[in-house]
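Participant: Can you read through this structure? Questions will come right after.
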């Protein structure tokens, strides 16, 4: 993992953020930032592994989700979203026109095609 982290919410749930190589590209030139909302860190990683992302681990808390990322994943019905990660491997800063978050199905559909 290039970067990842988690944030425990007041209700006991967690939001896990991971930078992963894009599955559709074999060379790994473009990473994606994946956010998962779950009961705990283990369940968040299990959700990703069940989708076919087998080698997913969270080591440390170097790049926890930003408040904007937490809001985005909490408002998504699946609680599992992604977007292209920045080149420097940390959470993207707030910019004027950020890339939109997408459901994980869109990423996996591109990988299968």
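Participant: If packing is taken as the mean number of other Cβ atoms within 10 Å per residue, what is the order of 44-56, 9-21, highest first?
Facilitator: The peptides rank, most packed first, as 9-21, 44-56.
Participant: Using the number of other C-beta atoms within 10 angstrom as an exposure proxy, rank 101, 82 with the fewest first.
Facilitator: Exposure proxy ranking, most exposed first: 101, 82.
Every read-out reported here was derived from the displayed coordinates using simple, explicitly stated rules and does not represent laboratory data. Because the structure is a prediction, the values reported are computed rather than measured. Here Cβ is always computed from backbone atoms with ideal geometry, including for glycine, and neighbour counts include all displayed protein chains.
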